[in-house]
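The values are calculated or read from the model by the stated rules, or taken from the named source; none is laboratory data. Keep in mind it's a predicted model, so treat the numbers as computed, not measured. Positions of Cβ are generated from backbone atoms using ideal geometry, with glycine treated the same way; all protein chains shown enter the neighbour counts. Areas reflect the complete protein model, heavy atoms only, side chains present, ligands, DNA and RNA absent. Shrake-Rupley method; radii C 1.70, N 1.55, O 1.52, S 1.80 Å.
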Amino acid sequence: MRRAVVLLSGGLDSCVAASEAQHRGFRLHALSIDYGQRHARELQAARDVARALGAEHRTVRVDLAALGGSALTDQAIAVPQDRDAHVMAADIPPTYVPARNTVFLSIAAGWAEVLDADAVFIGANAVDYSGYPDCRPEYLRAFEEAARLGTRRGIEGRAIRIEAPLVHLSKAGIVHLGLERKAPLHLTWSCYLGGRKQCGRCDSCRLRRKGFREAGLEDPVGYEA
Ligand SMILES: [Zn+2]
């Protein structure tokens, strides 16, 4: 059976990307990164999602909080609240973590080599949140080329593919695909804050809610506000 490494953050998108990888016939090896994010709630969600999917799961620690520079890794930078989608998309938000996907994909490609996996799946999405430069298709293609040049598998002619099945989907489209694939959406956590419930006000919560609303479905995970 072909193997795939799946980057699993615990959020909605990576859960659907993992379910899509499974649907395409891959045996899943889920990878979560404990990067010094504001809260551990999403890492617990990632463990729960991996278990529900029957995937091997590993968490690797990389302390990006030592660098800071993001509202997600520096408590002194505020997480924006109550912003409309067009405001979110207007510029690169303070929740952007410098070079995060490059770091994550590099670790995922390394594990893929160890496992002899053919692909790395990432839930990157360029439609609803175009503010993140490392979620764009041109970036992902360029990383795939870098991984081809920089790995043993690439040199041997068996380059690791970087698969981003959600990259062109709207949030509502992601919710629909998740339902089709029977993804365990009820176990996910999208909020940037680590409260008892999702806050409902940060960019991530607002995009998630908008996605469920536009899909005409109830979000199985509740909110404070
Ligand atoms: Zn939130």
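Key figures
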item	result
Top-ranked residue of region 78-118 - restricted to ones that are at pLDDT below 95 and of a type in the set (Ser, Thr, Tyr), ranked as farthest from residue 198 (Cα to Cα)	96
Of all residues making up region 200-219, the number that are within 16 Å of the ligand (Cβ to nearest atom) and farther than 19 Å from residue 96 by Cβ	7
Selection status of residue 107, hydrophobic (A, V, I, L, M, F, W, C), outside any helix (DSSP H, G or I) and either within 20 Å of residue 13 (Cα to Cα) or more than 14 Å from the chain's Cα centre (by Cα) (or both)	no
Qualifying position, being over 17 Å from the mean Cα position of the chain (by Cα) and small (Gly, Ala, Ser), among 164, 183, 215, 172	215
Flag for residue 152 being away from the ligand (no atom under 16 Å from the Cβ) and over 22 Å from residue 220 (Cβ atoms)	yes
Flag for residue 191 being within 16 Å of the ligand (Cβ to nearest atom), open to solvent by less than 60 Å² (accessible area, probe 1.4 Å) and over 18 Å from the mean Cα position of the chain (by Cα)	no
Flag if residue 186 is open to solvent by 60 Å² or more (accessible area, probe 1.4 Å), away from the ligand (no atom under 14 Å from the Cβ) and under 17 Å from residue 125 (Cα atoms)	no
Residue count for region 95-136, restricted to those that are of a type in the set (Phe, Trp, Tyr) and farther than 15 Å from residue 147 by Cα	3
Which listed residue, of 153, 141, is under 18 Å from the mean Cα position of the chain (by Cα), surrounded by fewer than 23 Cβ atoms within 10 Å (Cβ to Cβ) and not hydroxyl-bearing (Ser, Thr, Tyr)	141
Single unsatisfied condition, residue 15 versus (1) touching a helix residue (DSSP H, G or I) at 6+ places or on another chain (Cβ under 6 Å); (2) over 25 Å from residue 127 (Cα atoms)	(2)
